[in-house]
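Report on the following structure.
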Amino acid sequence: THEFMDLCEQVGCEPYITGNLGSGTVREMMEWVEYMTSDADSPLANERRRNGRAEPWRVKYFAIGNEAWGCGGDMPPEFYAENFRRYNVYLKNYPGNELYRIACGPDSASYGWTDKVMGIVGKRLNGLSLHYYTVKNGWSDKGSATAFDESDWMATLGQTLRMDDMISRHSAIMDRYDPEKKVGLMVDEWGTWYDPTPGTNPGFLVQQNTMRDAVVAALNFHIFQRHADRVAMSNIAQMVNVLQAMIMTDGPRMVLTPTYHVFEMYKVHQGATALPVDVAAPDYAQGAARIPGVSASASRDGSGLIHLSLVNTDPNRPVRVACAIAGAQPKSASGRVLTAATMQAHNTFESPDAVKPAPFSDFTLSGGSLAVTLPSKSVAMIELSP
């Protein structure tokens, strides 16, 4: 607990704690919250002090169980909801700390789970989690993270775009019980899942990260932003070394992945106001499979800057994009782009900058119109100044 909370303070992020409902007790979960957040003269708070932390931590996000439908207890939704009710009543809001209580939500397309849990405890929770991993051809054929062809590229992107339909359908169910959208949909596990890197412990789920994963991350961000009225959190499943990681380490060495760079580029959207975007573009086709060729999202920040993010899903051909900007007349623009020579390009300890953002200026701005030429397999961020 101390190491994790110290890390959160050092990097300036909100901790998100998951209580053990599957095999833990109500008392254990209750005392963990007290240990972390109470400033009282009490046994648990005093134990924290003896362990080196005088002041309580501020813990906002607290999940009551994880994947209770599977590895977290193999529970039916009704049984989980009744357990949520019982555990939740013992989790106290200590002075200066109010918990944002998150219930275990569905496994991807398990819409019945959402219906049952929202119907039983929807008024007792603040958030409902959703887990969905992008798996190319099913759990038995996840494929290589780096040795793949264009059909694998298409299959992976097509699978990740299913996130949009799932969020729409879960949101529609939540709307029946929570029409004011007070309960956030917390997409707190997502990302690509491939076969482990050969030579590594298969249980550690180590995999590399390529330009394909950068495009997957950007497409998911656009989906989350289209559903900003309901999606309150979107945490990629892992951060270091595991699955679609943002950082790879080897002892003292560290390298940033293409996914990290998309996160860094897209941070300008966080905390901004989502703007509506309509996209009309030819599909990208590979054999009989087709997906949208261009994906876009836009926001306006507190200073009036508009940020437009664009993705070209075609790994072979650039695309010309014409943008009409309604309601604004930006005077200047600047841009950055993330792309690479091949779909399989990735960063290694020996070549840490094979895939990284570069300045981007292949666009023209004229009044309320913007024309952009997106390179193949690229993620671009354009800043428009008033």
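I'm trying to understand the selection: among the residues of region 17-36, which are surrounded by 16 or more Cβ atoms within 10 Å (Cβ to Cβ) and of a type in the set (Val, Ile, Thr)?
ILE17, THR18, VAL26, VAL33
If a residue has to be assigned to a strand (DSSP E or B) and either open to solvent by less than 20 Å² (accessible area, probe 1.4 Å) or in contact with a strand residue (DSSP E or B) (Cβ under 7 Å, 6 or more places away or on another chain) (or both) to count, how many in region 245-275 make the cut?
9
Can you tell me which residue in region 340-350 is farthest from the chain's Cα centre (by Cα), limited to those that are part of a loop (DSSP other than H, G, I, E, B) and not β-branched (Val, Ile, Thr)?
By that ranking, first place goes to GLU350.
Go through region 335-350 and give me each residue that's out of contact with any Phe, Trp or Tyr (no Cβ under 8 Å at 6 or more places or on another chain) and either more than 21 Å from PRO315 (Cβ to Cβ) or open to solvent by 60 Å² or more (accessible area, probe 1.4 Å) (or both).
Selection gives ALA341, THR342, PHE349, GLU350.
Across region 351-370, what is the total count of residues that are crowded, with 18+ Cβ neighbours inside 10 Å, outside any strand (DSSP E or B) and not β-branched (Val, Ile, Thr)?
Summing the residues that are crowded, with 18+ Cβ neighbours inside 10 Å, outside any strand (DSSP E or B) and not β-branched (Val, Ile, Thr) in region 351-370 gives 1.
Could you please find all residues in region 193-243 being within 13 Å of the chain's Cα centre (by Cα) and among the polar types (S, T, N, Q)?
Matches in region 193-243: ASN220, GLN225, SER234, ASN235, GLN238.
Please state which of the following conditions GLY304 fails to meet, knowing it meets all the rest: (1) within 30 Å of ASN209 (Cα to Cα); (2) modelled with pLDDT of 90 or more; (3) among the small types (Gly, Ala, Ser).
The number of the failed condition is (1).
Show the residue pairs that are 6+ apart or on different chains and have beta-carbon atoms under 7 Å apart, the first residue being within region 52-76 and more than 30 Å from PRO95 (Cβ to Cβ) and without any contact (Cβ under 8 Å) to a residue 60 or more places away in the chain, the second being assigned to a loop (DSSP other than H, G, I, E, B) and hydroxyl-bearing (Ser, Thr, Tyr).
From residues that are more than 30 Å from PRO95 (Cβ to Cβ) and without any contact (Cβ under 8 Å) to a residue 60 or more places away in the chain, the pairs are TRP69/SER110.
Go through (1) charged (D, E, K, R); (2) open to solvent by 50 Å² or more (accessible area, probe 1.4 Å); (3) over 31 Å from the mean Cα position of the chain (by Cα) and name the single condition GLU14 misses.
Result: GLU14 passes all but (3).
Scan region 58-90 residue by residue and report those that are closer than 19 Å to MET5 by Cα and among the hydrophobic types (A, V, I, L, M, F, W, C).
Listed by number, the residues that qualify are VAL59, PHE62, ALA63, ILE64.
From the list THR210, THR197, exactly one residue is within 14 Å of ASN241 (Cβ to Cβ) and either surrounded by 20 or more Cβ atoms within 10 Å (Cβ to Cβ) or not aliphatic (A, V, I, L, M) (or both). Which is it?
THR197
In region 20-30, which residue that is of a type outside the set (A, V, I, L, M, F, W, C) and assigned to a loop (DSSP other than H, G, I, E, B) is farthest from the chain's Cα centre (by Cα)?
THR25
If only one of VAL242, VAL279 is open to solvent by 60 Å² or more (accessible area, probe 1.4 Å) and out of contact with any Lys or Arg (no Cβ under 7 Å at 6 or more places or on another chain), which one is it?
VAL279
With the structure loaded, tell me whether ALA109 is touching a residue at least 40 places away in the same chain (Cβ under 8 Å) and touching a Cys at 6+ places or on another chain (Cβ under 9 Å) or whether it fails that test.
For ALA109, the condition - touching a residue at least 40 places away in the same chain (Cβ under 8 Å) and touching a Cys at 6+ places or on another chain (Cβ under 9 Å) - is not met.
So, VAL33, is that one more than 25 Å from the chain's Cα centre (by Cα), among the β-branched types (Val, Ile, Thr) and either within 21 Å of MET186 (Cβ to Cβ) or in a helix (DSSP H, G or I) (or both) or not?
Yes, satisfied.
If you scan region 282-317, which residues turn out to be assigned to a loop (DSSP other than H, G, I, E, B) and either of a type in the set (D, E, K, R) or surrounded by fewer than 15 Cβ atoms within 10 Å (Cβ to Cβ) (or both)?
Residues satisfying the conditions are PRO282, GLY287, ALA288, ASP301, GLY302, SER303, GLY304, ASP314, ASN316, ARG317.
When THR373 is evaluated against the numbered criteria (1) in a strand (DSSP E or B); (2) buried (at least 16 other Cβ atoms within 10 Å of the Cβ); (3) of a type outside the set (Asp, Glu), which criterion, by number, is the only one it fails?
Looking at each condition in turn, THR373 falls short on (2).
The values are calculated or read from the model by the stated rules, or taken from the named source; none is laboratory data. Note that the structure is predicted; figures quoted are calculated from it, not measured. Please note: Cβ atoms are built from the backbone with ideal geometry, for glycine as well, and neighbour counts cover all protein chains shown. Surface areas here come from the heavy atoms of the whole protein model, side chains and all, with no ligands, DNA or RNA. Shrake-Rupley method; radii C 1.70, N 1.55, O 1.52, S 1.80 Å.
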